[in-house]
Amino acid sequence: MNSLQEFELNEWEMERDEEKQRFQITGIDSLNWAFRKLSAYKAKENEIAELAKAERERIDRWEEEQKKSIQQNIEFFEQLIHEYHAKVLQDDPKAKTLSTPYGKSKARKTKAQPEKADEKAILQHVIDNKMDEYIKPSLKWADLKKTLQVAEVNGKQVVVDENGQIVPGVEVKPETITYKTEVE
């Protein structure tokens, strides 16, 4: 934030609340004045965000460094526990949970099951073997939307396709105006 922007902020902050509430933009000069204030506040906001970001990065680096050796020890002890539990399971397959006052080790077995690796190959297999019940059609909305138009029929806005047919299931989203301020 430069000194002119600081001046803009100080000037506005010195105004009484009643004056702030009564202010209105009445022409290009007051619009320019409002943009100067807005620009100064945006610069101040960016300054605060940059400082916060720098401090977060510094704290994140510190945290990562502190946790590095701790994480290695956690992995070491978890591995020891898993190895022990595996030995216990060999002797007693029903020992799915080992419990102590300070924690539990739980073993869970999952059955072998299919997993999708190549969808195109699977789809080709299904097509080749005429397993049509596993194929579902889907709409390419983005492509269809490009061909549709809004038309007026009997005083009502409707959506029609390239043949002029009303398309069921499609509604007209009304025209709107949005405003965005850009500060330089």
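Being at pLDDT below 90, closer than 30 Å to ALA34 by Cβ and of a type in the set (Val, Ile, Thr) is a condition met by at least one residue of region 162-176. Residues in region 94-104 that are assigned to a loop (DSSP other than H, G, I, E, B) and open to solvent by 80 Å² or more (accessible area, probe 1.4 Å): 4 in all. The criterion of being out of contact with any helix residue (DSSP H, G or I) (no Cβ under 7 Å at 6 or more places or on another chain), open to solvent by 90 Å² or more (accessible area, probe 1.4 Å) and farther than 30 Å from LYS104 by Cβ holds for ASP29.
Of the residues making up region 125-134, not one is under 34 Å from the mean Cα position of the chain (by Cα) and open to solvent by less than 100 Å² (accessible area, probe 1.4 Å).
Among the conditions (1) acidic (Asp, Glu); (2) open to solvent by 80 Å² or more (accessible area, probe 1.4 Å); (3) under 30 Å from PHE7 (Cα atoms), ASP91 misses just one, which is (3).
Taking the criterion of being within 23 Å of GLU47 (Cβ to Cβ) and modelled with pLDDT under 80, the residues of region 8-37 that qualify are GLU8, LEU9, ASN10, GLU11, TRP12, GLU13, MET14, GLU15, LYS20.
Against the definition (without any contact (Cβ under 8 Å) to a residue 40 or more places away in the chain, open to solvent by 80 Å² or more (accessible area, probe 1.4 Å), over 30 Å from LEU98 (Cβ atoms) and β-branched (Val, Ile, Thr)), how does ILE81 come out, yes or no? No.
Reported count of residues in region 105-123, each being assigned to a strand (DSSP E or B) and open to solvent by less than 100 Å² (accessible area, probe 1.4 Å), is 1. Take region 60-78 and flag every residue that is of a type outside the set (Lys, Arg), open to solvent by 100 Å² or more (accessible area, probe 1.4 Å) and more than 20 Å from THR97 (Cβ to Cβ). Correct list: TRP62, GLU64, GLU65, GLN72, GLU75, PHE76.
Within region 140-165, can you find the residues that are open to solvent by 100 Å² or more (accessible area, probe 1.4 Å) and part of a strand (DSSP E or B)? Passing the criteria: GLN149, GLU152, LYS156, GLN157. Does LYS173 satisfy the condition of being basic (Lys, Arg), over 30 Å from ALA86 (Cα atoms) and open to solvent by 100 Å² or more (accessible area, probe 1.4 Å)? It is true that LYS173 is basic (Lys, Arg), over 30 Å from ALA86 (Cα atoms) and open to solvent by 100 Å² or more (accessible area, probe 1.4 Å).
The values are calculated or read from the model by the stated rules, or taken from the named source; none is laboratory data. None of the values given here were measured: they were computed from a predicted structure. Virtual Cβ from ideal backbone geometry, glycine too; neighbours counted across all protein chains shown. Heads up: the accessible areas ignore ligands, DNA and RNA and are worked out on the full protein's heavy atoms, side chains in. Shrake-Rupley method; radii C 1.70, N 1.55, O 1.52, S 1.80 Å.
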